[in-house]
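Have a look at the structure below, then the notes.
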């Protein structure tokens, strides 16, 4: 049994930021990570160009810098896969494949995963033309042709955002009408450089080192068409990694942990940071801010608990 004041579950930008702030607050903290390397999804990002002070940094290098900072301050790490979290009189018990852990406070920074298309070349070209975040990567495609796959609010917002800087934006949707809010649709349809590709699904991504096209198939006629694009933005849903706390803290309809900028959830002593919590903007910079805010909330919680 490993016992700590604070356990941070997840070692993406939110978790590593929390680890840094926790050590600066001299908390006895342990970061539990299930992956072989710290950094989260940023490790798979070819280039990050919107993090202040580090323009153009490689995603892998950024993840390593975050981890090195936490290491330098003495944060402890454990590689394990947590299978269950339970509330105890003192805090929380986490059952892992290798060990059992207990903590007075818990920060859940498990992130979220983008739903994939599951088509040829998607994995190989992720970060090389295939993106799941228009606000992160859109600027790389200024003046070029891109495609957005999806028909909900996020897909339409992405298409509008991209249309302001790209030469042409194709919006690929499997139905003949969008699911997005009518106001968003009106803004999208008013843009002259947007072309709707109705009743179609993405079937194949082309390109060797970089994306050079997207093959789409009409679901009614089975006719195929190749769109010559340099970028493909996938917006078909996000899956928060919140299953472990679904019976402990309140989740919203999408499965995100309900928490504000302070990270406070409906469960005492349980805090949420990064992409797993309810928030408007999911970016590295907001994840890092979440980690810092959560530790401030943890300190307040432990102080109040000690006075109780």
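The values are calculated or read from the model by the stated rules, or taken from the named source; none is laboratory data. What you are looking at is a predicted structure, and each value in this text was computed from that prediction instead of being measured. Heads up, the Cβs are rebuilt from the backbone with ideal geometry, glycines too, and the neighbour counts pull from every protein chain shown.
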| Mind checking whether some residue in segment 153-172 is out of contact with any helix residue (DSSP H, G or I) (no Cβ under 8 Å at 6 or more places or on another chain), surrounded by fewer than 23 Cβ atoms within 10 Å (Cβ to Cβ) and closer than 30 Å to residue 248 by Cα? | yes
| remark: For segment 220-232 the number of residues that are buried (at least 17 other Cβ atoms within 10 Å of the Cβ) and part of a loop (DSSP other than H, G, I, E, B) is 2
| request: Would you mention how many residues in segment 33-45 are in contact with a helix residue (DSSP H, G or I) (Cβ under 9 Å, 6 or more places away or on another chain), in contact (Cβ under 8 Å) with a residue 24 or more places away in the chain and either surrounded by fewer than 15 Cβ atoms within 10 Å (Cβ to Cβ) or within 13 Å of residue 16 (Cβ to Cβ) (or both)? | output: 9
| query | Got at least one residue in segment 288-305 being modelled with pLDDT of 95 or more, assigned to a strand (DSSP E or B) and surrounded by 19 or more Cβ atoms within 10 Å (Cβ to Cβ)? | reply | no
| Criterion violated by residue 16 - all others in (1) under 26 Å from residue 98 (Cα atoms); (2) in contact with a strand residue (DSSP E or B) (Cβ under 7 Å, 6 or more places away or on another chain); (3) buried (at least 17 other Cβ atoms within 10 Å of the Cβ) satisfied | (2)
| said: Quick check on segment 252-270. Is at least one of its residues modelled with pLDDT of 95 or more, surrounded by 15 or more Cβ atoms within 10 Å (Cβ to Cβ), within 20 Å of residue 7 (Cβ to Cβ) and out of contact with any strand residue (DSSP E or B) (no Cβ under 9 Å at 6 or more places or on another chain)? | reply: no
| request: Go through segment 8-39 and count every residue that is assigned to a strand (DSSP E or B) and under 14 Å from residue 297 (Cα atoms). | output: 1
| Would you call residue 243 modelled with pLDDT under 95, under 30 Å from residue 298 (Cα atoms) and in the same structural domain as residue 93 (by TED's automatic domain parsing)? | no
| query | Does residue 48 meet the test of being touching a helix residue (DSSP H, G or I) at 6+ places or on another chain (Cβ under 8 Å), more than 18 Å from residue 294 (Cα to Cα) and in contact (Cβ under 8 Å) with a residue 60 or more places away in the chain? | reply | yes
| message | Looking at 217, 209, can you tell me which residue is assigned to a loop (DSSP other than H, G, I, E, B) and either at pLDDT 95 or above or within 23 Å of the chain's Cα centre (by Cα) (or both)? | response | 209
| query | Within segment 237-249, can one find any residue that is assigned to a strand (DSSP E or B), closer than 30 Å to residue 206 by Cβ and in contact (Cβ under 8 Å) with a residue 60 or more places away in the chain? | reply | yes
| task | Mind listing whichever residues of segment 174-189 are within 12 Å of residue 159 (Cα to Cα) and outside any helix (DSSP H, G or I)? | result | 180
